[in-house]
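Written below as structure tokens is the structure these notes are about.
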Amino acid sequence: VAAGTYCFHFIVTDADGQQTSIEIEDLTIQAPTDAVAPTISLSSTPTTNQSFSTGQTISISGSVSDDIALGGIYIGLVRVDQGLTDAGVNDENTITILHNHDFSTPTSYNFSASIVVGAAMDNNITPKAATWTAGDYYIVVKTKDSFGGNWTFSSHYPITIN
């Protein structure tokens, strides 16, 4: 329900058909505020400057959590020469390793994600063609909460694609 002021009508009918009702006017629904950014905890990443060739698998795993509710997670494989800010990394300008907004519990999500170097498609919510070029890359994990739009970014995990 969108935030706003509503009128609430509650009607109860018993087995004999008798009704009782109450009305609450000016019921205000507010969007929660969330000033605390989510946290990222990684349990497995490639080693610093690890090299990968066509057919090899790049993997990362860990968890994200938020005190109220997670809004999304994105793990991107970014070419260093793109010069992107962490906030600018998205599913349109990087190779997507993981993109998810659907969590079984609202406050935490454990993930294990991978992509094969040279794969025709990435792992976006709607997969798109992956363009692989040799060079220096890094993996970044970004996550946001549902209310307040607070973002958290992981460290960069540099790798090389041969």
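The values are calculated or read from the model by the stated rules, or taken from the named source; none is laboratory data. These numbers come from a predicted model, not from an experiment. Cβ: placed from backbone, ideal geometry, glycine included. Neighbour counts: every protein chain shown. In case anyone asks, the SASA skips ligands and DNA or RNA and just uses the protein heavy atoms, side chains included. Shrake-Rupley method; radii C 1.70, N 1.55, O 1.52, S 1.80 Å.
Brief remarks on what is shown
- Taken across region 59-73, residues that are open to solvent by less than 50 Å² (accessible area, probe 1.4 Å) and more than 17 Å from residue 153 (Cβ to Cβ) do occur, with at least one present.
- Residue 133 at pLDDT 95 or above and in a loop (DSSP other than H, G, I, E, B): yes
- Residue 159 vs. criteria touching a residue at least 40 places away in the same chain (Cβ under 8 Å), farther than 23 Å from residue 34 by Cα and open to solvent by less than 30 Å² (accessible area, probe 1.4 Å): yes
- Only residues that are surrounded by fewer than 21 Cβ atoms within 10 Å (Cβ to Cβ) and more than 10 Å from residue 137 (Cα to Cα) were counted across region 76-97, and they come to 10.
- Candidate set from region 114-155 (those that are open to solvent by less than 60 Å² (accessible area, probe 1.4 Å), among the hydrophobic types (A, V, I, L, M, F, W, C) and in contact (Cβ under 8 Å) with a residue 60 or more places away in the chain); member that is nearest to residue 35 (Cα to Cα): 141
- Cross-chain or 6+ apart pairs with Cβ under 6 Å, region 47-64 first and in contact (Cβ under 8 Å) with a residue 40 or more places away in the chain and under 16 Å from residue 116 (Cβ atoms), then open to solvent by 50 Å² or more (accessible area, probe 1.4 Å) and of a type in the set (A, V, I, L, M, F, W, C): 57/116
- Among the residues making up region 4-40, those that are within 30 Å of residue 139 (Cα to Cα) and surrounded by 11 or more Cβ atoms within 10 Å (Cβ to Cβ) are 34, 36, 37, 38, 39, 40.
- Residues of region 1-43 classified as touching a Ser or Thr at 6+ places or on another chain (Cβ under 6 Å), part of a strand (DSSP E or B) and in contact (Cβ under 8 Å) with a residue 60 or more places away in the chain, total: 2
- Residue within region 61-79 that is out of contact with any Asp or Glu (no Cβ under 9 Å at 6 or more places or on another chain), modelled with pLDDT of 95 or more, farther than 26 Å from residue 162 by Cβ and hydrophobic (A, V, I, L, M, F, W, C) present: yes
- Selection from region 78-112 of residues that are farther than 19 Å from residue 68 by Cα and part of a loop (DSSP other than H, G, I, E, B): 83, 84, 85, 89, 90, 91, 92, 93, 94
- Selection count where residues are farther than 22 Å from residue 155 by Cα and in a loop (DSSP other than H, G, I, E, B), scope region 113-130: 8
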